[in-house]
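Asks: Dropping a structure here in structure tokens format, bear with me for questions.
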Amino acid sequence: LSLLLDFIFPSFYCSVSASHPYSFAPMGRSLLSHFSMVTYSAPRFASSTRSCGLSIGGYLRRTRIIRQQASGDFRCFCSSVAVSEPVNSESSSSPVRKRIVSGVQPTGSIHLGNYLGAIKNWIRLQDTYETFFFIVDLHAITLQYEAQQLLRATRDTAAIYLACGVDPSKASVFVQSHVRAHVELMWLLSSATPIGWLNRMIQFKEKSRKAGDENVGVALLTYPVLMAADILLYQSDLVPVGEDQKQHLELTRELAERVNYLYGGRKWKKLGGRGGALFKVPEPLIPPTGARIMSLTDGLSKMSKSAPSDQSRINLLDSKDVIANKIKRCKTDAFPGLEFDNAERPECNNLLSIYQLVSGKTKQEVAEECRDMNWGTFKIVLTDALVDHLHPIQVRYEEIISDSSYLDGVLAEGARKAADIADVTVNNVYQAMGFLKR
């Protein structure tokens with residue numbers, strides 16, 4: 001009867017997910033089994049799609065998802081279309097800007113894929129959204145690393161953020177480990193995360209296979225839970241993600257709904273809380289271009305810091321001569337002319353896309369300019385465009401990294417702003433889970 005009332009009265013956001021069948025008593029499962037026989041698509045109980053609640057129709061849609069997952073075919077399912085362009089807050093009826101969080105690991109050098117796929121888009125987003133950009137140093141220790149290198153890379157990454165155009169007066173820039181609520185919430189969420197969800201993560205399978213069982217720590221398996229904590233701490237509306245991260249974001253969404261159901265609503269209110277949902281359920285924001293920059297040595301593999309050959313990537317701090325050498329030696333093909341979107345020419349499509357993004361030209365302009373070029377001519381054009389685009393970033397980086405007091409001040413202020421929001425979230429979760437107030 002209690003479960004039925006939860007469905008009927010919208011005052012309780014019943015964040016039910018079909019991937020949590022064990023969350024219900026046998027009677028609850030029986031009632032939901034009865035509902036699944038009815039073709040019914042009700043609206044969500046709240047007016048916003050980010051209310052962290054699912055309607056009966058939403059529950060039924062998720063039952064189809066879990067059947068596919070149970071069959072062993074685990075894929076990313078997002079309940080709405082990814083947002084590809086920012087919504088201008090000035091034209092919105094609400095004065096509150098939507099919130100975005102994103103981060104990059106301080107492992108290796110920041111490369112062109114990180115910049116074009118993430119950081120460059122942040123510059124545009126910070127003018128429209130409330131933004132939190134951080135260096136995810138806690139994620140950097142999930143595989144073997146050198147402590148001195150982590151320390152140096154963390155500062156370098158922060159300096160590159162600012163050199164690329166992230167404005168600390170518009171965005172909060174900070175180091176993940178400087179906000180302790182990330183670790184606290186990660187532990188709380190771990191208690192509600194089924195191990196089966198983590199075992200399905202594709203990146204864990206790939207990385208653990210490469211590293212070998214003896215070199216894989218527990219942190220690599222629980223990495224997605226920390227990622228979920230990073231996002232949910234700030235009640236994020238949108239998360240910029242590449243295609244390869246959508247599965248992790250979907251786990252975050254499922255985990256938010258599960259915790260909302262287990263501890264939110266009237267259960268939380270009985271413990272003295274405000275009731276309702278503990279977390280917003282974030283949506284993915286996938287940039288229309290540049291979301292996935294590929295390797296210079298393999299057009300089918302993503303440009304990566306972990307690739308053994310530095311030849312596979314353009315690092316943002318590479319000198320002019322290094323960039324020229326890497327482009328000169330990069331993999332091409334034997335087809336005549338240059339063209340976009342030919343499945344048989346992944347390297348050609350990748351290099352043209354890079355040129356389009358760093359030159360600021362449209363896809364059509366690049367296609368017309370390069371249609372009849374040979375590789376030798378195009379590589380010179382691409383090299384010049386890359387050097388011209390990266391030079392101002394490199395100059396600004398040197399200015400920032402040499403002024404340690406400025407950089408430290410930016411990171412401290414960013415961490416303070418982030419902690420003000422994160423602490424509220426984690427304290428609410430502690431209360432809802434029944435912990436004694438500190």
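Any read-out appearing in this document is the output of simple, stated calculations on the displayed coordinates, not a laboratory observation. Everything numeric in this text was worked out from a predicted model, so none of it was measured. All Cβ positions, even for glycine, are placed from backbone atoms using ideal geometry, and neighbour counts span all protein chains on display.
Asks: Calculate one ³J(HN,Hα) per residue across segment 301-318 by plugging θ = phi - 60° into the Karplus curve 6.51 cos²θ - 1.76 cosθ + 1.60, and present them in order as whole Hz with x for glycine and proline.
Replies: The phi angles translate into 10, 5, 4, 9, 5, 7, 4, x, 9, 5, 5, 6, 9, 9, 7, 4, 9, 4 Hz.
Asks: Does segment 296-342 come out rounded, prolate or oblate, given a ≥ b ≥ c as the square roots of the eigenvalues of its C-alpha gyration tensor, rounded meaning a/c under 1.5 and, failing that, prolate meaning a/b above b/c?
Replies: oblate
Asks: Does segment 259-312 come out rounded, prolate or oblate, given a ≥ b ≥ c as the square roots of the eigenvalues of its C-alpha gyration tensor, rounded meaning a/c under 1.5 and, failing that, prolate meaning a/b above b/c?
Replies: Prolate is the answer for segment 259-312, as a/c is 1.5 or above and a/b outweighs b/c.
Asks: Hey, what do the phi angles of segment 256-273 turn into as Karplus ³J(HN,Hα) couplings, whole Hz, using 6.51/-1.76/1.60 and θ = phi - 60°, x for Gly and Pro?
Replies: 4, 5, 5, 5, 4, 6, 5, 10, x, x, 5, 4, 5, 5, 5, 8, x, x
Asks: Please give me, ordered by residue number, the chymotrypsin sites (Phe, Trp or Tyr not before Pro) of segment 353-438 that lie in loop per DSSP and have at most 15 other Cβ atoms within 10 Å.
Replies: Phe435
Asks: Past 28 Å, Cα to Cα, is the threshold; run Lys246/Lys379; Lys120/Lys305; Lys246/Lys269; Lys302/Lys326; Lys98/Lys120 against it and keep the listed order.
Replies: Violating the 28 Å Cα-Cα cut-off are Lys246/Lys379; Lys246/Lys269.
Asks: Okay, next question. What is the local net charge at Arg345, summed over the other residues whose Cβ is closer than 14 Å to its Cβ (Lys, Arg +1; Asp, Glu -1)?
Replies: Once all neighbours under 14 Å are counted, the net charge is -4.
Asks: Show me, for segment 128-137, the HN-Hα J-couplings you get by feeding each phi into the Karplus relation (A = 6.51, B = -1.76, C = 1.60, θ = phi - 60°), rounded to Hz, glycine and proline as x.
Replies: 10, 10, 7, 10, 10, 10, 9, 8, 8, 5
Asks: Using amide H atoms built 1.01 Å from N in the peptide plane, name the residues 5+ places from Val166, or on other chains, whose amide H lies under 5 Å from its own.
Replies: Here nothing satisfies the definition.
Asks: Sticking with this structure for a sec: Using the Cα gyration tensor of segment 161-272, with a ≥ b ≥ c the square roots of its eigenvalues, what is the shape: rounded (a/c below 1.5), prolate (a/b larger than b/c) or oblate (neither)?
Replies: oblate
Asks: Here's a follow-up. Which residues' amide hydrogens lie under 5 Å from the amide hydrogen of Gly103, considering only partners 5 or more residues apart or on another chain, with H built in the peptide plane?
Replies: Phe134
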